[in-house]
Structure formats: C-alpha cells, structure tokens
Amino acid sequence: MSEPTTALVTGANKGIGYEIAAGLGALGWSVGVGARDDQRREAAVEKLRAAGVDAFGVPLDVTDDASATAAARLIEEQAGRLDVLVNNAGITGGMPQEPTRVDPATIRTVVETNVIGVIRVTNAMMPLLRRSASPRIVNMSSSVGSLTRQSGTAGEQTTGPVAVAYAPSKTFLNAVTLQYARELSGTNILVNAGCPGFVATDLNGFRGVRTPEQGAAIAIRLATLPDDGPTGTFFEDAGVVPW
C-alpha cells in the first residue's frame, strides 16, 4: 500500500484551520496540526483523532525561524516528505485600523505573521515538498486583499472595513503567492491563494455569516488540485477573485 498523503495546516487548532485539517483528514490523509499553543494544539489533535483523523501535533510559531525549522524536522521524522502545505495562520492586528491613526507597530506585527510567516514556513518546508509527487501550497488570503474589490467606485460597496494593516497584508500575501508560482513554474508544485469568505471566527468576533466548515472548502479544493491544475491564481468558492 502507498503511504498516505501528508499535509500541514498552520493555525489548525481552531476555526477555519481546524476544519481544513478535519476535511483533509476525512480524505484519509495524515494531517499535521500546526499551532503555537501546546494545550490547544493537543486538544485539537485529540478531537481530530476521535473523529477518525490521522492527526499529529506540530509545535509551530510562524513568527519564529527556529520554530519553523523544528517543525520541518518533525514532519521529516513523521513522514519523510510533505505533500500539502496550507498556510492558514493569521491575525487581524485588532480594530479600528484607520491609516491616519494606526500605530506602525501594528502593521509590522500583522505583516510578520500574515506575510513573512508564510514565507518563513514555506521555505522551511520546501525541501520536504520537493520530495512529493504532487505538492500543493495553499495560502489562505481574503477578498479584502483584492485591490479591485477595495477600489469600488462611488455607489459600489467595497470589501470589508478600512483596515490599513490587515487588508494590505492580504494584498501582500497575494503578491507573494504570485512570486512563488512564478519561481516554481515548470515544476510540479502548484501555489494558489484562497478566500474562505466572511466566516464566523474569533478573528472577527464571530460576526461572519459562513461556518468554519464552509470557509475550509476552498482550501480543501486547492489542496486536492489535479497535476494539470492552476497555479498563481486567487480563488473563492464562486471562482477566481480579481487581484
């Protein structure tokens, strides 16, 4: 029998990340639950295992180089390779975020997690991804990162609130996704960004209108793309999101 597909989901101890892990696990995959909080991570692993998922905990703080390196070492010991990386961990930085009043430190903190954290983890996992027959990288973005949707003309409803740290961090992440896709063009590594929609999670004070399970669907779809699937594209459930 062939070895199971192995995935790592960052920020997987709750919300959308947990449901991504559950959804991939339901496919029979082995899923690494990446999270920095030991207690929450192990509770999530226990819950997933109780549901029949082959889950294992991966201590991971995406803002820390040593943590990312250690996580890669753990996955190598666990599986020898990584087939799918879902960069889901993210923060808002708190609201309000009017550009005329924001503390620049807030922007640095958000970018460190939402952008540099993705680069840090992706690069740490790249040697393991290259060992896979069909590696996939899924960056969980947001439609608030779409400049097209942010710049609606008068009378049109723009996407999300004014948020000079969070929204541009997702625009930045989209641009980073494109750069990875360009560099890896011609390889078997597909790199895409996905928007989960307005999901009720603690990130937004549970004001969202979609469930975490619904929000996880786009990540699962992008994680399971066929070998001739798209790369360097931004998707939501309804289709392609404009940059």
* In what order do Leu82, Leu147, Leu74 fall by count of nearby beta-carbon atoms within 10 Å, going from fewest to most? -> Leu147, Leu74, Leu82
* Structure fact -> The size of the Cβ-based charge dipole (Lys, Arg +1; Asp, Glu -1) of the chain about the Cα centre, to the nearest 20 debye, is 220 debye
* Asked: Once amide H atoms are built 1.01 Å from N in the peptide plane, which residues 5 or more positions from Gly11, or in another chain, come under 5 Å H to H?
  -> Gly34, Ala35, Ala89
* Asked: DSSP beta bridges in the chain, what fraction antiparallel, as a percent rounded to 5?
  -> 5 percent
* Normalised by the number of residues in the chain, what is the relative contact order in percent for Cα pairs under 8 Å and 6+ residues apart? -> 19 percent
* Identify which of Asp103, Asp38, Asp61 has the largest mean-square fluctuation in a Gaussian network model of the chain, with springs joining Cα atoms closer than 10 Å. => Asp103
* To do: Would you indicate which of [x] 134; [y] 209; [z] 126 is the value of volume of the Cα convex hull per residue in Å³ derived from the coordinates of this structure?
  => [z]
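All of the numbers you see were taken from the coordinates with simple rules; none came from a lab. Source: prediction; values computed, not measured. Positions of Cβ are generated from backbone atoms using ideal geometry, with glycine treated the same way; all protein chains shown enter the neighbour counts.
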